[in-house]
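Structure record follows, encoded as structure tokens.
Only the coordinates and a few stated rules stand behind these numbers; no lab work does. These numbers come from a predicted model, not from an experiment. Virtual Cβ from ideal backbone geometry, glycine too; neighbours counted across all protein chains shown.
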């Protein structure tokens, strides 16, 4: 989803470092060096960035208003 603003363990701000981290990875810097360069030295903060899965772009493509109004909602659930 959206990267958390703060580290869950220590409370350091990590949300503002995501874009810079992605740019460093695209410029062929490995993960460890990129995290060091961004000042993320604690393993709890590194975990927040390394394990984040950016799904927001996929979720923005979902439009619930496109669902057919005559079809019941639980019709999608039943086989």
Residue list for region 27-46, given a label point 7 angstrom along the Cα-to-Cβ vector of residue 10 and an amide N cut-off under 17 Å
32-46
Taking 3, 56 and counting other beta carbon atoms within 10 angstrom, the fewest-first order is 56, 3
Just to confirm my numbers, what's the Cα centroid distance between region 2-43 and region 49-66 in Å?
20
How large is the Kirkwood hydrodynamic radius of region 1-60, counting all unique pairs of alpha carbons, in Å?
11.8
